[in-house]
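Trainee: So that we are looking at the same thing, I have put the structure below in structure tokens.
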Amino acid sequence: MQDEIKKFSLVGTVIAVSLSQKHTFSKKNQNIIKLVKGLGVEGDAHFGSKVKHRSRVIQNPDQPNLRQVHLIHSELFEELAVRFHIEPGQMGENITTAGINLLELPVNTILLLGNSAVITGLRNPCAQIDQF
């Protein structure tokens, strides 16, 4: 039986785009980033078809890179503001959005960003977040 495809429309805003050429936790805000299909954010340390996260490279460097583009919604920063001051890019995301709760999107949701499409998947937070 074929999976049912549900279509719905949300309007959100990209409030920041960020990248880091090195494996740093935080990424520096940019005026523009280039998304490359199947590779990620051009110039970012996680760019490529093979896994780039150092802990996963140790396990198997030939794994496909399923974490090419990282998104976080700015509303998360507002939730954390009681205890922390967080700016876009500081949590390692490439794209900071507003108006879309990314954590509530169904698996295999396709987000349209400009003329590009980004397929989202939920991932576990990196252990480095505790140190941040």
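Trainee: So how much accessible area does residue 103 have, in Å² to the nearest 10, using a 1.4 Å probe?
Mentor: In the full protein context, residue 103 sits at about 110 Å².
Trainee: Something else about it: How much area per residue is accessible in the chain when the probe is 1.4 Å and only protein heavy atoms are counted (Å²)?
Mentor: 73 Å²
Trainee: With every protein chain kept in the model, how would you rank 120, 97, 24 by accessible area, 1.4 Å probe, largest at the top?
Mentor: 24, 120, 97
Trainee: Run the quick spin-label model on residue 42 and residue 25: label points 7 Å from Cα toward the beta carbon, then report their separation in nm to one decimal.
Mentor: Placing both labels 7 Å along Cα→Cβ, they lie 3.1 nm apart.
Trainee: Please tell me the relative contact order of the chain in percent, rounded to the nearest whole number, where contacts are Cα pairs under 8 Å and at least six residues apart.
Mentor: Worked out over the chain, it gives 25 percent.
Trainee: A further question on this structure: Kindly report, to the nearest 10 Å², the accessible surface of residue 104 as traced by a 1.4 Å probe over protein heavy atoms only.
Mentor: Residue 104 has an accessible surface of roughly 150 Å² with all protein chains in place.
Trainee: Percent of alpha carbon pairs in the chain separated by more than 25 Å?
Mentor: 26 percent
Trainee: Keeping the other protein chains in place, figure out the carbon and sulfur percent of the accessible area of the chain, with a 1.4 Å probe. The partial results should precede the final answer.
Mentor: Details: 5080 of 9620 Å².
Of all accessible area on the chain, carbon and sulfur atoms account for 53 percent.
Trainee: Defining a contact as two alpha carbons under 8 Å apart and six or more residues distant in sequence, what relative contact order in percent does the range 33-78 show?
Mentor: 29 percent
Trainee: Averaging the inverse of every distinct alpha carbon separation and then flipping it gives the Kirkwood radius. What is it for the range 49-109, in angstrom units? Show your work: numbers first, answer last.
Mentor: Values: mean 1/r = 0.0743 Å⁻¹.
So the Kirkwood estimate lands at 13.4 Å.
Trainee: In what order, largest first, do 116, 9, 55, 74 sit by accessible area if the probe radius is 1.4 Å?
Mentor: 9, 55, 116, 74
Trainee: Report, by chain and number, residues whose modeled amide H sits under 5 Å from the one on residue 15, excluding near sequence neighbours (fewer than 5 apart, same chain).
Mentor: 96, 97, 98
Trainee: Right, something else. Please work out the Kirkwood hydrodynamic radius for the range 22-68, using every pair of different C-alpha atoms, and report it in angstroms with one decimal place. Mind dumping the intermediate values first?
Mentor: Working: mean 1/r = 0.0888 Å⁻¹.
For the range 22-68, the Kirkwood estimate is 11.3 Å.
Trainee: For 67, 83, 56, give the ranking by accessible area with the largest first, probe 1.4 Å.
Mentor: Numbers: 67 55, 83 190, 56 75 Å².
I get 83, 56, 67, largest accessible area first.
Trainee: Quick one: how many Å² of residue 73 are accessible to a 1.4 Å probe, rounded to 10?
Mentor: Accessible surface of residue 73 is approximately 10 Å².
Trainee: Another question, then. Between residue 131 and residue 63, what is the label-to-label distance in nm when each label sits 7 Å out along the Cα-to-Cβ direction?
Mentor: About 1.9 nm separates the two model spin labels.
Trainee: Can you give the calculated 222 nm mean residue ellipticity of the chain, where each DSSP H run of n ≥ 4 adds -39,500 (n - 2.57) and the sum is split over every residue, rounded to the nearest 500 deg cm²/dmol?
Mentor: Computed mean residue ellipticity for the chain: -2500 deg cm²/dmol.
The values are calculated or read from the model by the stated rules, or taken from the named source; none is laboratory data. No experiment lies behind these values; they were computed from the predicted model shown. FYI the Cβ positions are ideal-geometry reconstructions off the backbone, even for glycines, and counts take in every protein chain you see. SASA here: full protein model, heavy atoms, side chains in, ligands and nucleic acids out. Shrake-Rupley method; radii C 1.70, N 1.55, O 1.52, S 1.80 Å.
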